[in-house]
Amino acid sequence: MSDPKSVLERVGARITPREDAFERLQRYRRRRQRNQRITAGVVAVLVAVAGGVGVWAGFRGGTTVRPGGADEQAVALWPERTLAEIEAAQQRVDGGEDSWRLDAASTAIRFASDVLGWNDPMVSIQFVPGPVDAAVADVTTPPAPCPAPLEGEPISLTCLGKRAEVSLHGFTGPGGIWSVTAVRGDRTRIDLDPPFAVLPGQIVEAQVDVPEGAQAIGGGTFFGNGCQASFGSERLTESGKLDLVVPSGDCEVSDGYLYVYVVGSGPAWDPYPSDAEELLAEDPLAGRLLEPMDLTLIQAHIASDTSPQPVEQAEVPEVAEVVCELFKETKQQVRAQPNGVHLRVRNALDREILVLTGGDTFRVAASETVKLTMQTPPGTTNVVCTEQDRTKFAVVELTIVDPDGLWKSPDLECDSRDINRTDVVFDPDAGLVVVAADPTDAARAYLEPLLREGDEVESAGYPEVIPPLVRVVREGQTVATLEFVEVEHGGWTVARVSSCSEFGIA
Amino acid sequence: MERMEMPVSAATQGPRLSPEEADSFEAFFRAEHARLLRALFVVTGSAEEAEELMQEAFLSVWERWDRVRSLDSPTGYLYRTGMNALRSRLRRAARVARRIVRPAPTPDAFEAADDRDAVVRALAGLTERQRAALVLVEMLGFGSEEAGEILGIKAVTVRVLASQGRAAMREVLGDE
């Protein structure tokens, strides 16, 4: 037998140290330092668990809860989250540190190398015209030089290049530092639209395209007052859907981020972690170089309870005043009016913006103030000021109160598969048109053969909304709604009927 | 404490360093990382885990570099840190396994290796502690006292583990 020393050295020679080993260590150290607060949180929970007083619900698909975290609203993902942190970073850069923050492309490159762990990333950057500094960086790594795969065999994952679309914003004005606000990949998608509001316990779906031999992982981390909660999804080894379950009941979190990514080889995290560490080890912003081949990472915030809150009528204004200015997040209350919810929106910027209100989008010119009326039910909704690329920069969380009970829901109370919709053609020559000054009269006349004793025909939505909306309530359930058009003589006629199949319209 | 004499393999020998360079952490890293990585690879059987343990060990040294560089043997401290990181992983693995809240740990890469490879098969027959003792004593040239300090065990235990390891290897490799 060869002597043990030479045998051991022969085995040891099978691993080749990386040429960039020291640079990788430097990146690892930077990330560790940045996450000192997170690490401290983990330790604190471990101590609490040892004492038998901690909340510990961490397992795959579950949630871990840690003390710590920010009590400010977040506006970015990396390197800082809140405006206060970004302003502090700006001061450091003004003092001569980290000058790369002043360049959007360099910031995207740093994100790719320091956070994603990509080697030799390249960037192509496009600045987005709008009221704030915004840019989208196309970050790629070149594919490895590989021979073409044999027929019928998949290409090796190590041969594939990587790509991510990194959104950046400058929050401290022209010439200020850049921050990463979102990342989107080609193989991953999170089904959540602006303003990225989620509810505790909500399941957010993520779609993944997983190449053979790779796996997909999702999760998120949310922050609140003195609390931080992380969760992870199941792993997928083939293309499909991942459920991201927003933490609920663990702590009062307010905002955070969701992620889903594809990794090309084996477990990319500590193989022997404790639970909290395992979840954090999978979090692309929590300290490990995961080297994902594809990543989607978005901000999300917890929406408030949608049930109406008891509010003193006299305290609540009839018109909500919304000012769209840079990175403002505010809360307001407004009292519903007979024809809807009234807003006065002022664009404080020098460019046209978009305002999103409960499914409707309005354009507001530079420095203009407009009055809007929303048909949004009582509860909480968001009014979002955005740029053309739908990146939010101001959000007003609006609580609509309805002490007079004006709102009557037009939602049909039956399975969506049982709903029939009938468009009514306005044809006076056919002699079938019912026109009435009161739309409920027109509705009764139109539906007369189908109505039963006890059916209630009444206005739906807000009572004075134009055009009007009428519903039919049978045994406490809304079974039909009618939409109207105005005809020449000032009356209303039915334009469309939506009904549950039990109502009897075929 | 006597200054520890470390064998330097041909692979890690480089140009001589100036005193300033030798004093820098980067120079220390560049001089030592390949050997530590290979040692950890032999012990763990996993390239990925070896690299992670190496990073953890060097980061720990870096954070204390002002103190560590003045030690008689910064290299001994480095290896002690690396083996500590390995031990704490093993402890965590045991704890997690008892709780049964996660999939089984990654199998020993040596066990999964091609069994036609006699050298790898020989190592697969050793426990991780035996491999660690052999690596420190045979591959890196530490004495059993120092290896015991690094592993946190008695010198006599190191000798027993190394002896068991040699015997197991001999059984598999025979006259190879």
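Cβ separations smaller than 7 Å between residues 6+ apart or across chains give the following pairs from the range A:1-24 residues that are at the interface with another protein chain (Cβ under 7 Å from one of its Cβ atoms) and surrounded by 13 or more Cβ atoms within 10 Å (Cβ to Cβ) to residues that are acidic (Asp, Glu) and part of a loop (DSSP other than H, G, I, E, B): A:Met1/B:Asp175; A:Met1/B:Glu176; A:Ser2/B:Glu176. Applying the condition of being among the polar types (S, T, N, Q) and over 27 Å from the mean Cα position of the chain (by Cα) to the range A:96-125 and asking which residue is farthest from A:Ala21 (Cα to Cα) yields A:Ser99.
Condition check: in a strand (DSSP E or B) and among the hydrophobic types (A, V, I, L, M, F, W, C). Does A:Val434 satisfy that? When the stated conditions are applied, A:Val434 does not pass them. Evaluate the range B:27-41: report whether one residue or more is within 23 Å of B:Gly143 (Cα to Cα), buried (at least 19 other Cβ atoms within 10 Å of the Cβ), at pLDDT 80 or above and more than 12 Å from chain A (Cβ to nearest Cβ). The answer is no; no qualifying residue exists.
Within the range B:156-176, the set of residues being closer than 19 Å to B:Leu40 by Cβ and at the interface with chain A (Cβ under 9 Å from one of its Cβ atoms) comprises B:Ala162, B:Gly165, B:Met169.
Scan the range A:449-496 for residues that are at positive phi and surrounded by fewer than 20 Cβ atoms within 10 Å (Cβ to Cβ) and jot them down. Matches in the range A:449-496: A:Gly454, A:Glu475, A:Gly476, A:Gly490. The residues on offer are A:Val253, A:Val262, and the sole one that is away from chain B (no Cβ under 14 Å), surrounded by 21 or more Cβ atoms within 10 Å (Cβ to Cβ) and at pLDDT 85 or above is A:Val262.
Report yes if A:Ile190 is modelled with pLDDT of 85 or more and within 11 Å of the chain's Cα centre (by Cα), otherwise no. Step through it out loud before you land on a result.
Numbers: modelled with pLDDT of 85 or more: yes; within 11 Å of the chain's Cα centre (by Cα): yes.
Judged against the criteria, A:Ile190 is a match.
Of the helices (runs of 4 or more DSSP H) that lie entirely inside the range B:59-155, those containing 3 or more residues that are within 30 Å of B:Glu26 (Cα to Cα), within 14 Å of chain A (Cβ to nearest Cβ) and modelled with pLDDT of 65 or more span B:74-99, B:128-134.
Annotation: A:Pro284 fulfils all but one of (1) modelled with pLDDT under 85; (2) surrounded by fewer than 16 Cβ atoms within 10 Å (Cβ to Cβ); the unmet one is (2).
The values are calculated or read from the model by the stated rules, or taken from the named source; none is laboratory data. A quick note: this is a predicted structure, and the numbers were derived from the prediction, not measured. Positions of Cβ are generated from backbone atoms using ideal geometry, with glycine treated the same way; all protein chains shown enter the neighbour counts.
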